[in-house]
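Note sheet for the following structure.
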Amino acid sequence: MDTTAISIIALAVFLWSIVSARLQRADLTAPIVFVATGWSLTAMGLVDPPPLAAETFKPLVEFTLVWVLFSDAAGVSFDQVRHDRGRYLRLLAAGLPLTVLSGWALANWLFPHLGIYLALLVGAALAPTDAALGLPITTNPAVPAGVRQVITVESGLNDGIVTPVVMFALAGAASAEGAAGAPGPWGVLAELGIGVTVGTVIGLAGGWSLRWTRRRGWAAGDFAGIAVLALTLVAYTASLGAHGNGFVAAFCGGLAFGAAAGPRGPAELVFTEQVGSLASLFIWLGFGALAVPGMVGQVQLSTAIYAILSLTLVRMVPVALACARAGLDRETVLFIGWFGPRGLASLAFALLAVEELGTGADEAVAVIGVTVFTSVLLHGLSAGPLSSRYGSVVTRRR
């Protein structure tokens, strides 16, 4: 990548930052803009060939996923969750597993040659949602605050909850292919247990330490946010050093930090959230530059069918079943069900599959990529109009 490409990317970030609110009102979300920017860089020949660029892209994807998992988990308000825990439990304890199982079954049916583990990888990787693709919803005051909170909390927790399933699927696929050093199911369970333990201990210790030093005036305000950012990497790398799962550690560390950091914790989390948001722009740009150009011309009918069903029936039916008798009207259930966009976590899981399985994961990765690309367009363009329409329906009923 030469200086011209770097200048274009930096300019795109700057321009997006100063006109993002205006573009979002025009139904142009950050993923749409940066996928298109990446695609344009490839068309102009300013990006390295995919194998070389993808190799340098992996660390960014992994660290971005760590920051997002930690900040999403730490940003969840336990008071709000306790207040409306019934709905969250329905979506996360019933709706999410049903979505994984439905996606797994559909992948087994449409792509029987994938095998059970790669089909499970597809179903699990495409189960978590990404609120960033529907940002006009979570910031639109026309949508009731309770509904916005449900969508935000679900998005903040489901990627961490589904991570163990993705890791199990990757280990099973690697074992089935006879990959050297594959940990196997029991090895994966041990890694997950270590990740949970290490992440929880570091998150609690870090949150308590920051709270204790803050009370005594030892912690400079300018460095509190940097301390949280560093803590995410400590949880991740310490877990890897102990032969645990770093992503699970980041998620559990975020939950523990949010519980221990006290009332000033959310403010100190802002810097980590901003770094994660900036890094996610580069992920979308890389997706547009490296994956989309080759993917668009090779989409098969079965892949397109899976993408459409994954974004509709596979998501919306489990949400409807989970929300039965939850006191939500039909329009609200449909609204929550439709706005389950797939995004950053799904892409990160796909790249992990490439890293672990090589070309053996190509078809599964293609299905994930096509579904995410379809979601970027459909959810991004529909977020503004449908949230305004839903808000109007709610207002008329009051």
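The values are calculated or read from the model by the stated rules, or taken from the named source; none is laboratory data. Just so it is clear, the structure is predicted and the values come from calculations on it, not from any experiment. Note that each Cβ is placed from the backbone with ideal geometry, even for glycine, and that neighbours are counted across all protein chains shown.
Below are the figures for this structure:
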{"item": "Criterion (buried (at least 20 other Cβ atoms within 10 Å of the Cβ) and assigned to a loop (DSSP other than H, G, I, E, B)) met by exactly one of T163, T129", "result": "T129"}
{"item": "Qualifying residue in region 183-190 (condition: more than 30 Å from F335 (Cα to Cα) and modelled with pLDDT of 85 or more)", "result": "yes"}
{"item": "Positions within region 72-85 being assigned to a helix (DSSP H, G or I) and at pLDDT 80 or above, in sequence order", "result": "D72, A73, A74"}
{"item": "Condition check for L41: surrounded by 17 or more Cβ atoms within 10 Å (Cβ to Cβ), out of contact with any Leu (no Cβ under 9 Å at 6 or more places or on another chain), modelled with pLDDT of 80 or more and assigned to a helix (DSSP H, G or I)", "result": "no"}
{"item": "Test for R342: is it under 16 Å from the mean Cα position of the chain (by Cα), basic (K, R) and not in a helix (DSSP H, G or I)", "result": "yes"}
{"item": "Cβ-Cβ under 9 Å pairs, at least 6 apart or on other chains, region 356-376 side within 18 Å of L301 (Cβ to Cβ), far side charged (D, E, K, R)", "result": "I368/R342; T371/R342; T374/R342"}
{"item": "In region 262-310, residue modelled with the highest pLDDT [restricted to those that are part of a helix (DSSP H, G or I) and among the charged types (D, E, K, R)]", "result": "E273"}
{"item": "Cβ-Cβ under 9 Å pairs, at least 6 apart or on other chains, region 311-328 side under 17 Å from G146 (Cα atoms) and outside any helix (DSSP H, G or I), far side of a type in the set (S, T, N, Q) and at pLDDT below 95", "result": "C323/T332"}
{"item": "Residue list for region 210-250, filter: among the basic types (K, R) and either part of a helix (DSSP H, G or I) or closer than 30 Å to G193 by Cβ (or both)", "result": "R211, R214, R215"}
{"item": "Whichever residue in region 210-229 is free of Cβ contacts under 8 Å to residues at least 24 places away in the same chain, touching a helix residue (DSSP H, G or I) at 6+ places or on another chain (Cβ under 9 Å) and among the small types (G, A, S) and, among such residues, is surrounded by the most Cβ atoms within 10 Å (Cβ to Cβ)", "result": "A219"}
{"item": "In region 256-274, the residues that are over 20 Å from the mean Cα position of the chain (by Cα) and either surrounded by fewer than 16 Cβ atoms within 10 Å (Cβ to Cβ) or among the charged types (D, E, K, R) (or both)", "result": "P263, R264, A267, E268"}
